[in-house]
Amino acid sequence: MGSKDLKISIVTINYNNAGGLKETIQSVLNQDYPRIEYIVIDGGSTDGSKEVIATYKDQIHYCVTEPDEGIYNAMNKGIRVATGDYLLFLNSGDFLIDKNVIKEAEASGMTKDLVSGNMIFHERNENWCPPEVLTFKTFFEGTIPHPSTFIRRTLFDQVGLYNESNSVVSDWEFFLLSTCKFNCSYQHIDLYITRFLCDGLSSDPINMERILIERSKVLNTHFPLFLADYKAYVALCAEMKKVSYFIKYRRFVKRLFKFKKN
């Protein structure tokens, strides 16, 4: 299948964010790319979101408004009905950079299991550019941007759906397992895909303790033996940095005294 044949399923989940949902829907429907399947999963909103969805219902390929069991349950609903070659999760309030971005992403040559583009944090106007190569360190210390990463649909058959027992880290867990356990392929495209609204659970500092607890549980579940060695490796690297800094400092002091002596 050539890249020009790619069908992109964009999944938007929403709960009581009518204003953000409208902006997100418009950014998808305005795309200048013909093979987009748009899926909207609403958790039974009561703020006017249903009316927003009704306004664009004829342009949305699949939509549902019903109670769910959390964000990952809603995302899994979208995955189950998606028929595209790649999925992109664009939640309410987030929006695509411009009308050409999906076409440009497809033209860049999307051939890997995970294709990650750049993202902008909307309020802070800061950029997030994922690395060219993924390692265990990438996920031990951070992750890749979920709202600007295209995921091959068949990867969910291999790795599984999002873990609904987690409340905030299952997208990170999916990327971690895909890369470090299932050896999926990956490419970074140097293209800004999404403006991300920093109002989600994972962006709220009040949830940091929950994030750390869930991440620790995931790491100890899937990589218990490796994790102990990796922590020792990280500690060793930190000590080596101190040694390197000390050596550089000594050399600097020696050159300084030598200069003064001369």
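Summary of computed values
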item	result
Selection within the stretch 125-164 - of a type in the set (A, V, I, L, M) and either closer than 14 Å to residue 180 by Cα or modelled with pLDDT under 95 (or both)	133, 134, 144, 155, 159
Exclusive hit being within 18 Å of the chain's Cα centre (by Cα), among the charged types (D, E, K, R) and either more than 30 Å from residue 158 (Cβ to Cβ) or in the same structural domain as residue 195 (by TED's automatic domain parsing) (or both), set 98, 113, 58	113
Restricting the stretch 109-139 to residues that are of a type in the set (Phe, Trp, Tyr) and surrounded by fewer than 17 Cβ atoms within 10 Å (Cβ to Cβ), the residue that is nearest to residue 194 (Cα to Cα)	121
Test for residue 179: is it assigned to a loop (DSSP other than H, G, I, E, B), assigned by TED's automatic domain parsing to the domain that holds residue 85 and of a type in the set (Ser, Thr, Tyr)	no
Residue match in the stretch 67-77 (condition: under 16 Å from the mean Cα position of the chain (by Cα) and not in a helix (DSSP H, G or I))	no
Residue list for the stretch 37-66, restricted to those being touching a Ser or Thr at 6+ places or on another chain (Cβ under 8 Å) and hydrophobic (A, V, I, L, M, F, W, C)	39, 40, 41, 53
Residues of the stretch 31-59 that turn out to be among the hydroxyl-bearing types (Ser, Thr, Tyr), surrounded by 14 or more Cβ atoms within 10 Å (Cβ to Cβ) and part of a loop (DSSP other than H, G, I, E, B), as a count	3
Some residue of the stretch 81-89 being assigned to a loop (DSSP other than H, G, I, E, B) and free of Cβ contacts under 8 Å to residues at least 40 places away in the same chain	no
Where a residue in the stretch 124-146 is in contact (Cβ under 8 Å) with a residue 60 or more places away in the chain and its partner, wherever it lies, is charged (D, E, K, R) and surrounded by fewer than 21 Cβ atoms within 10 Å (Cβ to Cβ), with Cβ under 8 Å and at least six apart	129/190
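The values are calculated or read from the model by the stated rules, or taken from the named source; none is laboratory data. What you see is a predicted model, and the numbers here were worked out from it, not measured in a lab. Glycine also receives a Cβ, built like all others from the backbone with ideal geometry; neighbour counts cover every protein chain displayed.
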